[in-house]
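This report refers to the structure that appears directly beneath it.
What follows draws every value from the coordinates through simple rules; no lab data is involved. As the structure is a prediction and not an experimental result, all values here were calculated from the model.
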Amino acid sequence: MDRRMEKAVVLGAGTMGSRIAAHLANAGLPCVLLDIVPANLPAEAPPAERNKIVRAGLE
């Protein structure tokens, strides 16, 4: 059986999840990084604020 991965999804954007996503992206595999939204943010918060945790993990 010959299977080819076309995309990866990594759940959790902490230290380990962000590193795994970065490694996959560096290998040329498109990936999506998903994480929880901070509980204290309103639903209408701008994307930059909602993605603050993910950005901190990638820096």
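Taking amide H positions as placed in the peptide plane 1.01 Å from N, state which residues far from GLY12 in sequence (5 or more) or on other chains have amide H under 5 Å from it.
LEU34, ASP35
Where does the chain land on Rg/Rh, using Cα atoms and the Kirkwood Rh?
With Rh from the inverse mean 1/r over Cα pairs, Rg/Rh is 1.08.
Helix-only mean residue ellipticity at 222 nm, the chain, DSSP H runs n ≥ 4 weighted -39,500 (n - 2.57), per residue, nearest 500. What is it?
Per the formula, -10000 deg cm²/dmol.
Can you tell me the orientation of helix 15-26 relative to the chain, as the angle in degrees between its alpha-carbon axis and the longest Cα principal axis, to the nearest 10?
50 degrees
Between CYS31 and residues 5 or more places away or on another chain, which pairs have amide H atoms under 5 Å apart, with H built 1.01 Å from N, and which residues are they?
ALA8
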